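The values are calculated or read from the model by the stated rules, or taken from the named source; none is laboratory data. The structure displayed is predicted, hence computed values, not measured ones. Ideal geometry is used to build each Cβ from the backbone, glycine not excepted, and the neighbour counts take in all protein chains shown. Accessible surface is based on the protein model in full, side chains and every heavy atom, while ligands, DNA and RNA are left aside. Shrake-Rupley method; radii C 1.70, N 1.55, O 1.52, S 1.80 Å.
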Amino acid sequence: MNRLRRQGIACSLLMAAVMGGQSLGFAQTTIDGFAPKPSDNQRRLEEKFRAVPSSANAREELRRLTAEAHLAGSPEDYATAIYVRDQMRSFGLAADMREYQVLLPYPRSPSIVELIAPRHERLQVREDVVPEDPSSSSKKIVPLFNGYGASGDITAPLVYVNYGLPNDYEDLRKAGVEVKGKIAIARYGNSFRGVKAKVAEDNGAIGLIIYSDPADDGFTQGEVYPKGPWRPESSAQRGSVQFLFIYPGDPLTPGLPAIPGTPRLKKEQALNLPHIPVQPISYGDAQRLLKPLRGPVRPKGFQGGLPFTYHAGGTNDVRVHLKTDIEFATKTIWDVITRVDGAVEKDRWVVLGNHRDAWVFGAVDPNSGTTAMLELGRGLGQLMKSGWKPGRSIILCSWDAEEQGLIGSTEWAEENAAELKEKAVAYLNMDVAVSGPNFGASSVPSMWKLIHSAAQEVKDPKTGKSIYEAWRDRARADAADLELYDANGNERPAAAPRIGALGSGSDYTPFLQHLGVPSLDMGFNGDYGVYHSAYDSFYWMAHFGDPTFQYHVAAAQIWGTIALRLAGEG
Ligand SMILES: [Zn+2]
């Protein structure tokens, strides 16, 4: 999941050119929380660890993980679980599978979206094969669908609801546009898509179409795939519309692990599922629906990036047929749990997590993170070969079925809730590890200092400076003058780069929001317009995201440095 956090790549390239060649300003002070002598030992240990991850290994691991589409619950997903487990074991680590049986949605047949008026036209609702990208022709690419949207076969007038949030419906009410009994079309952005489904349903829409507006991640942003990294005309964003904000995880076992013996709700009793069909489409398809809309000219803020004036619709000028055919099946999913026991405080756990399942190939989301976790595991295995053990236990978790609703992490957290409350020191999440070169992090405030200090230890491949310096310089280049200069025009001292607050878009949710475990989420971001599409592929990564795979290495290094500090003996 983990919606892109876009930052100025142009700025960072410019800064790289200007600042290149400066020496690394690695902090040589005592590590926070460590006495001077243990601090020196810790630093030596971390350096040994950081020397292990390699871009050649990362490249091969990402290639293996993304060779086939691996939707949660599929045989190909199981193969990735075996691969991760066996890689961890080959590094000398104790890795095991943990299974859960959960309710998952699969399209039984591709959805139908067609214009009934003003003319009859069936839309493509399928991503084109891109000849340059070999995996884009795979027969196993799941059709475009929104996970947990209901099955339905409906025909009704279409109404454009902008981002599909409560204030948008309020604007439509003011403009005299009725939504009840109609099919809503919303653009992606500004909120989790499950919220759009809930708000559409609450406003009486009988179906929801969500499209990727080019202003968000398409041609307005830059060249589209395969010429550039942005979303091309036929590409749409899959994604779950589960009501995560009610509860995440398996819809039928809220609060309890989905294992044999756990009582299950009937699907009709589950409170986190939408009741209306929901369908994602591309902007190529969306423009056919939006262009003929009549009714009031869009309220303020409703205009997107397509080259015509947007109207709200809601009249009989545009009628749409939407048919979705979704199978809800109880399926086995596979978490892979790797444990490195602590030598001093075995019952203090530093938990790291990344999901492994993808909507399609998932090179960026999530397997850049899986690759970073494997390289991190390789580093820990290497340290252990020389007789090292961490002070506290380190647990590496490869989650399944995150995309449908944070399911693998939620079920495991539910199964181990009592122990986690007592033993978990921290949860360190990495969903998207790399979509570009710009480091960013979100966390509880108590972890800010730790993240900043670890970022000082890792080299930024592009600039040769530390990740911390590259991050701080980028923040400075993006900052307003007011933040850079005081009232007298004097330059302010460089501020530490900002770390945001955690939302609820990834696997830290059950740890932070349900169990109160201090958590962080981080990764390297860039120009990324293929989110949840068939083009989030190895080819995309090798040409746009991280052609040298050095940022995968940097992700493993910073993640491992933080884990080693939390698990170290001060
Ligand atoms: Zn993800």
Where Thr338 falls short, out of the listed (1) free of Cβ contacts under 8 Å to residues at least 40 places away in the same chain; (2) within 16 Å of Leu428 (Cα to Cα); (3) of a type in the set (Val, Ile, Thr)
(1)
Any hit, segment 57-64, residues being more than 30 Å from Asp357 (Cα to Cα) and surrounded by fewer than 21 Cβ atoms within 10 Å (Cβ to Cβ)
no
Is it true that Phe219 is among the aromatic types (Phe, Trp, Tyr), open to solvent by 10 Å² or more (accessible area, probe 1.4 Å), part of a loop (DSSP other than H, G, I, E, B) and modelled with pLDDT of 95 or more?
yes
For segment 372-390, pairs from a residue that is of a type outside the set (Lys, Arg) to a residue that is open to solvent by 50 Å² or more (accessible area, probe 1.4 Å), with Cβ under 6 Å and 6 or more apart or across chains, are Gly381/Gly92; Met384/Gly92
What's the number of the condition Arg98 fails, among (1) under 27 Å from Leu62 (Cβ atoms); (2) part of a strand (DSSP E or B); (3) open to solvent by less than 80 Å² (accessible area, probe 1.4 Å); (4) touching a helix residue (DSSP H, G or I) at 6+ places or on another chain (Cβ under 8 Å)?
(3)
Pairs under 9 Å by beta carbon, first residue under 14 Å from Tyr551 (Cβ atoms) in segment 359-370, partner open to solvent by 10 Å² or more (accessible area, probe 1.4 Å) and near the ligand (Cβ under 9 Å from one of its atoms), six or more apart or different chains?
Gly369/Asn2
Subset of segment 341-353 that is more than 16 Å from the ligand (Cβ to nearest atom) and crowded, with 24+ Cβ neighbours inside 10 Å - its residue that is nearest to Gly147 (Cα to Cα)
Val351
Here is a check on your reading of the model: is Thr309 free of Cβ contacts under 8 Å to residues at least 24 places away in the same chain, of a type in the set (Ser, Thr, Tyr) and surrounded by fewer than 23 Cβ atoms within 10 Å (Cβ to Cβ)?
yes
Applying the selection to segment 354-381, what residues are within 11 Å of the ligand (Cβ to nearest atom) and of a type outside the set (S, T, N, Q)?
His355, Arg356, Asp357, Ala358, Trp359, Gly362, Val364, Asp365, Pro366, Gly369
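The rows are residues; the columns are (1) open to solvent by 30 Å² or more (accessible area, probe 1.4 Å); (2) in a loop (DSSP other than H, G, I, E, B); (3) modelled with pLDDT of 95 or more.
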site: Ala197; (1), (2), (3): no, no, yes
site: Ser235; (1), (2), (3): no, yes, yes
site: Gln242; (1), (2), (3): no, yes, yes
site: Pro251; (1), (2), (3): no, yes, yes
site: Glu268; (1), (2), (3): yes, no, yes
site: Asn272; (1), (2), (3): no, yes, yes
site: Ile276; (1), (2), (3): no, yes, yes
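Give, as residue ranges, the strands (runs of 3 or more DSSP E) completely inside segment 299-399 that count at least 3 residues that are basic (Lys, Arg).
Details: elements: 319-340, 345-355, 392-399.
By residue number, 319-340.
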Starting from residues that are small (Gly, Ala, Ser) and in a helix (DSSP H, G or I), keep the ones in segment 439-490 and report whichever is most open to solvent (accessible area, probe 1.4 Å).
Ser446
Among the residues of segment 407-436, write down those that are part of a helix (DSSP H, G or I), away from the ligand (no atom under 16 Å from the Cβ) and crowded, with 24+ Cβ neighbours inside 10 Å.
Glu411, Trp412, Ala413
